[in-house]
1. What pairs can you find where one residue is in segment 104-117 and among the aromatic types (Phe, Trp, Tyr), the other is assigned to a strand (DSSP E or B), and their Cβ atoms are less than 9 Å apart, with a gap of 6+ or different chains?
2. Taking segment 130-159, which residues are polar (S, T, N, Q) and loosely packed, with under 13 Cβ neighbours inside 10 Å?
3. Return yes when Tyr228 is at pLDDT 95 or above, among the aromatic types (Phe, Trp, Tyr), in a strand (DSSP E or B) and not assigned by TED's automatic domain parsing to the domain that holds Cys308 and no when it is not.
4. Go through Thr47, Thr146, Thr72 for me and flag whichever is touching a Pro at 6+ places or on another chain (Cβ under 8 Å), among the polar types (S, T, N, Q) and not in a strand (DSSP E or B).
5. Scanning for something in a loop (DSSP other than H, G, I, E, B), at pLDDT below 85 and either in the same structural domain as Ala210 (by TED's automatic domain parsing) or in contact with a Pro (Cβ under 9 Å, 6 or more places away or on another chain) (or both), does segment 320-335 turn up at least one residue?
6. Is it the case that segment 156-174 has a residue that's outside the structural domain of Pro194 (by TED's automatic domain parsing), in a loop (DSSP other than H, G, I, E, B) and either without any contact (Cβ under 8 Å) to a residue 40 or more places away in the chain or of a type in the set (A, V, I, L, M) (or both)?
7. Return yes or no: is Gly273 at positive phi and either of a type in the set (Asp, Glu) or touching a strand residue (DSSP E or B) at 6+ places or on another chain (Cβ under 9 Å) (or both)?
8. Restricting to segment 76-103, and then to whatever is without any contact (Cβ under 8 Å) to a residue 24 or more places away in the chain and in a loop (DSSP other than H, G, I, E, B), can you tell me which residue is surrounded by the most Cβ atoms within 10 Å (Cβ to Cβ)?
Amino acid sequence: MAKIMYFLTVFFIILHVPGIFTEQENPDACPIRKFNPLGQTCQKACTRNQECGLKRRCLCDGDCGLSCVTTTRSCPWPVNIANAKTGLVKGTRNFGDQMSVLCHPGFKMASGQETALSRCQGDRKWSVITPCDVLDPVKSCDVPHTIENGFLMENGSTFSVGTSVHYQCNLGYALEGHKVTQCMENTTWSQPAPTCRQIFCPPPPEVKHAYLLAIQKSEYAVFEEINYLCDRNLDMDGSHNVTCEANGNWSAIPICRTRCKIPAQRSRVVYKGSKRWVHEIPGTVHHLEAVTFFCLNQTCSYPATSQCFDGILSLPSCYEGCVSHSQGRCGNGCISRNKGF
């Protein structure tokens with residue numbers, strides 16, 4: 001892509017530099033020889049090839065006019081010009097061949113040009129080797145507007161053409177308009193400054209079997225907090241404290257869960273780290289609490305744990321109730337007093 005752009009630029013230069021030719025086919029277009037052209041040593045003047053030696057031809061040599069020139073002569077290469085890029089137009093550097101001179105961005109020649117073609121002359125010198133040392137005046141835009149409840153992410157007092165700046169709102173505010181604006185060639189900004197709109201949360205949702213501890217309002221500011229409390233004998237799943245977040249939504253809303261009854265009789269279980277008879281556990285088991293039951297195989301008992309979830313505490317699949325407590329016989333899951341379980 002860079003090579004394509006380079007050759008397109010050179011082609012553009014050629015189209016806009018009239019009067020460049022080297023052959024005798026158009027002798028009338030060749031300028032009349034000047035007296036001591038600046039920076040060029042003229043060869044013998046001529047009007048036709050017969051006036052030159054066997055190895056020379058009568059060719060146009062720029063400001064020297066028609067001159068006897070050895071066509072095999074070449075100019076030095078490479079050529080370094082300050083603040084510029086040079087390149088051979090046809091890849092050769094013989095008499096009449098051209099070298100393109102492209103000033104680096106921000107520089108130009110004393111004549112005001114940013115591009116030029118240099119020709120290989122009869123004295124084996126390039127016609128243009130002028131450095132690009134004149135700086136273009138830097139165009140810049142005024143300092144971009146500040147915004148209420150927001151700020152610019154870039155600092156500085158000078159914003160040159162092509163520079164982009166980004167706006168951002170303070171936490172709790174939403175940006176309306178264009179976030180990015182650019183300094184254009186006419187030294188104005190491409191987009192107007194945006195605004196920052198304050199963010200609010202809507203009234204919080206109702207939670208089944210819970211009541212809200214908050215002042216009832218139509219909207220709540222960011223970071224404002226409310227609290228939920230569950231009805232008696234219910235457990236809260238989640239935090240009772242809920243916050244209005246910066247995106248205008250509430251943080252996680254809790255749920256009120258039902259406690260569980262232990263669905264077994266005359267059995268011993270492990271609850272809160274200790275072994276107890278079911279009738280020794282008062283009331284119900286809290287949501288997400290675990291109860292460990294005992295199952296029996298042919299040789300020994302082993303624990304099987306179940307968790308209370310919203311009013312449901314399932315018995316392990318291996319558990320079976322007592323057949324007859326009075327006879328001291330227990331099925332899987334019952335603990336026999338006679339056996340000391």
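1. So the pair list comes out as Phe107/Ala84; Phe107/Val134; Phe107/Leu135.
2. Applying the first criterion (polar (S, T, N, Q)) to segment 130-159 yields 130, 140, 146, 149, 155, 157-158.
Thr146, Asn155, Ser157, Thr158, listed by residue number.
3. Against the criterion (at pLDDT 95 or above, among the aromatic types (Phe, Trp, Tyr), in a strand (DSSP E or B) and not assigned by TED's automatic domain parsing to the domain that holds Cys308), Tyr228 qualifies.
4. Details: Thr146 fails: touching a Pro at 6+ places or on another chain (Cβ under 8 Å); Thr72 fails: touching a Pro at 6+ places or on another chain (Cβ under 8 Å).
When all the criteria are applied, what remains is Thr47.
5. Restricting attention to segment 320-335, the residues satisfying the condition of being in a loop (DSSP other than H, G, I, E, B) are 320-323, 325-328, 330-335.
Next cut, at pLDDT below 85 only: 320-323, 325-328, 330-335.
This time we only want the ones that are either in the same structural domain as Ala210 (by TED's automatic domain parsing) or in contact with a Pro (Cβ under 9 Å, 6 or more places away or on another chain) (or both), so: 333.
Yes; the residues of segment 320-335 include at least one that is in a loop (DSSP other than H, G, I, E, B), at pLDDT below 85 and either in the same structural domain as Ala210 (by TED's automatic domain parsing) or in contact with a Pro (Cβ under 9 Å, 6 or more places away or on another chain) (or both).
6. Step one: list which residues in segment 156-174 are outside the structural domain of Pro194 (by TED's automatic domain parsing), which gives none.
No, because not a single residue in segment 156-174 is outside the structural domain of Pro194 (by TED's automatic domain parsing), in a loop (DSSP other than H, G, I, E, B) and either without any contact (Cβ under 8 Å) to a residue 40 or more places away in the chain or of a type in the set (A, V, I, L, M) (or both).
7. Details: at positive phi: yes; either of a type in the set (Asp, Glu) or touching a strand residue (DSSP E or B) at 6+ places or on another chain (Cβ under 9 Å) (or both): no.
For Gly273, the condition - at positive phi and either of a type in the set (Asp, Glu) or touching a strand residue (DSSP E or B) at 6+ places or on another chain (Cβ under 9 Å) (or both) - is not met.
8. Residue satisfying both the conditions and the ranking: Asp97.
The values are calculated or read from the model by the stated rules, or taken from the named source; none is laboratory data. Everything numeric in this text was worked out from a predicted model, so none of it was measured. Virtual Cβ from ideal backbone geometry, glycine too; neighbours counted across all protein chains shown.
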